[in-house]
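Read through the structure below, which is laid out as structure tokens, and then see the notes.
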């Protein structure tokens, strides 16, 4: 007698369903089905594909999705909920509940089983409509690796789970802190900005005339977002949300309403020869007033000083009370090699596609960067992450 081998794997499991599905079907069956199909076609399925997820199975109103990375699972879920939030008030609009867990799963044919799957489903059952909730195991894997904020909801006793599970909610853009579905009258109101100053950094325009330099402009913005996020007095919108506006002509007031921020930073990067020009303007989203606008010129080898100057001016315009000590803290340079930094930005741009060839390309670029500056700690950490993906 041959015993069939059971395949096990550690994975991030995302469970999603439609809140109040039975009620919605009872009141408008055709409209609900049409809304669900449209949401999957336009929002859910593209987000899963973009973040390297794999749909394992679907039910009438939900699905199970597996990711190799918890960060990808949380980012995908947040993108879905942010885009779904913009549909509130649209006829036949629906709301999803999303639960995420990381654990050991059993793979059998085209289905998955195990405690890891059960906990993800139970966390999703607890989740508020429009929310993204994580188990404590998933939270431990993702904390400190995204710009998203998390709220500790405490321990919950989940059905058929023999131990209490601590749950965390993702405080996502475009959603209220309680992450609830607004009533039709409330849905017309824009999301309220956080209590602290909030900012979205839009993708900078590449003015170099060379499409190959697009990665450099994107990398600049990503570093500015990271630098701004170091200030505890600022709420900074994550890259994945602000970059949804890339390549689009935008209305700053609309961006402010959609992302729920008070301030928007936009600008451009022009790189020519050994010189660089960064232009930027900081706009108050509600009124459209320009708080700060300037151009900063410098040599390419001074790129980090230029980034620091942009960050300092933006923070100074928003929050004059930020101490000099905090400003000094974010000015610590990660490398003094401009060529190594350029290779890092290319690797950063390459890895977002999550394809095998681009991941290999990113690894090669990081290895080249380390040959130029073996003490570049951030590249070592990024290279380790790339190897884990590979």
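Since every read-out is calculated from the coordinates, none of them should be taken as a lab result. From a predicted model like this one, the values you see are computed outputs, not experimental measurements. Cβ coordinates were reconstructed from backbone atoms using ideal geometry, including for glycine residues, and neighbour counts include every protein chain displayed.
Cβ crowding within 10 Å ranks 312, 59 as 59, 312, fewest other Cβ atoms first. Computed from the Cβ-Cβ distance with R0 of 51 Å, the FRET efficiency linking residue 54 to residue 286 stands at 0.75. Subtracting the Cα-Cα distance of residue 253 and residue 375 from 0.36 nm times their residue separation leaves 39.6 nm of extension gain. Spin-label model, residue 21/residue 367: points 7 Å from Cα along the beta carbon direction are separated by 4.7 nm. Remark: the residue 86-residue 8 segment gains 24.2 nm on full extension, using 0.36 nm per residue and subtracting the alpha carbon distance.
Under the rule a/c < 1.5 gives rounded, and otherwise a/b versus b/c splits prolate from oblate, where does the stretch 198-329 land using the Cα gyration tensor? Before the final figure, lay out each step's value.
Numbers: a/c = 1.75, a/b = 1.16, b/c = 1.51.
Oblate, because a/c is 1.5 or more while a/b does not exceed b/c.
Between residue 45 and residue 230, the simple label model (points 7 Å from Cα in the Cβ direction) yields a spacing of 4.4 nm.
Taking label positions 7 Å along the Cα-Cβ direction at both residue 246 and residue 301, the computed distance is 3.1 nm, reported to one decimal.
The order of 133, 292, going from fewest to most other C-beta atoms within 10 Å of their C-beta, is 292, 133.
Within 10 Å, count the other beta carbons around each residue, average over each peptide in 266-275, 157-166, 78-87, and list them highest first.
Ranking, from highest mean packing down: 78-87, 266-275, 157-166.
Measuring r between the beta carbons of residue 163 and residue 107 and using R0 = 22 Å, the FRET efficiency lands at 0.35. When each of 127, 388 is scored by the number of other beta-carbon atoms lying within 10 Å, the sequence from fewest to most is 388, 127.
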